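Below: one structure, written as structure tokens.
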Amino acid sequence: MQNSNTTPRPTFQTHSQIGHILLVNNPIDRANAYYEYQNPQNYKLFCAEELTIEISRSIIDESYIANEGVKTILIAANSFNVYAQNALLKVLEEPPNGIIFILYAKMKSLLLPTIRSRLPILNHTKKQKLPHFALDIRTLSLENIYLFLKQKQKEIKDSNSKIEIQSLYLDALKNGLHFNSSETTMFEHALKWEKQHEKPQNILLVLLLLILRKKKQNFTHQNAWITKG
């Protein structure tokens, strides 16, 4: 739980009869901050880096435990396992009497359409400046692409693939690469693959090889122009 000295006291959150999805920049921090000022008899908190099937089962069990008055179940995670989400569908669609669900997430695209259709979505996110991509486009090579993706396979915590794709595209443009329509479409496809839960390293491999090929084409064209000059 977050220290109240560093986290501003949250404002009252209105909700529908069964609850809502709350989009925020830091789901776990926001859920902890809200829970800190609530009565633990009427509020139950489930926080994790990833919502797993085991956590979903615990949430379902908690929702069927009798309580005096309304009980609100707070669910916060930075990523959401597909099977864990599917396990929650029934209880979200037909919650026990007196149960409210508030689900904290960074983006609605992290949630299945069937989850999004069951709860209204409130967007409380703040726009953030895109960070630079982890690899420097100027020194991009097969070797550092290989090492980067090898390390990415070892990561336990899921990174935000959507932001990585957007950052990679912008960094490439800033470094003087100009994409044709088919190449630009490849980045659009990559965002769709991310929504379909494709492995990040597979998506980034396609894009990084595209950029490396583009750099070599630019280099060849520049040399040809110098030779003609």
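Quick notes
- Residue-normalised accessible area of the chain, given per residue in Å² at a 1.4 Å probe: 61
- Amide H contacts of residue 43 (H built 1.01 Å from N, under 5 Å, at least 5 apart or other chain): 72
- Between 131, 200, 27, the residue with the greatest mean-square fluctuation in the GNM of the chain (Cα pairs under 10 Å linked by springs) is 131.
- Angstrom value of the Kirkwood radius, inverse mean 1/r, which spans all Cα pairs in segment 89-223: 17.4
- Separation of the residue 107 and residue 134 label points, Cα + 7 Å toward Cβ, nm: 1.6
- Derived scalar couplings ³J(HN,Hα) [segment 207-216; Karplus, 6.51 cos²θ - 1.76 cosθ + 1.60; whole Hz; x for Gly, Pro]: 5, 5, 5, 4, 5, 5, 5, 5, 4, 5
- Distance from the Cα centroid of segment 96-117 to that of segment 56-91 is 10 Å (rounded to whole angstrom).
- Sorting 124, 178 by accessible area puts them as 178, 124; the probe is 1.4 Å, largest comes first, and only protein heavy atoms count.
- Between residue 202 and residue 218, residue separation times 0.36 nm minus the direct Cα-Cα distance comes to 3.3 nm.
- Gain upon complete extension [residue 183, residue 29; 0.36 nm per residue less C-alpha separation]: 51.6 nm
The values are calculated or read from the model by the stated rules, or taken from the named source; none is laboratory data. Everything numeric in this text was worked out from a predicted model, so none of it was measured. So basically every Cβ, Gly included, is an ideal-geometry build from the backbone, and we count neighbours across all protein chains shown. Keep in mind that these areas ignore ligands, DNA and RNA; they rest on the heavy atoms of the full protein, side chains included. Shrake-Rupley method; radii C 1.70, N 1.55, O 1.52, S 1.80 Å.
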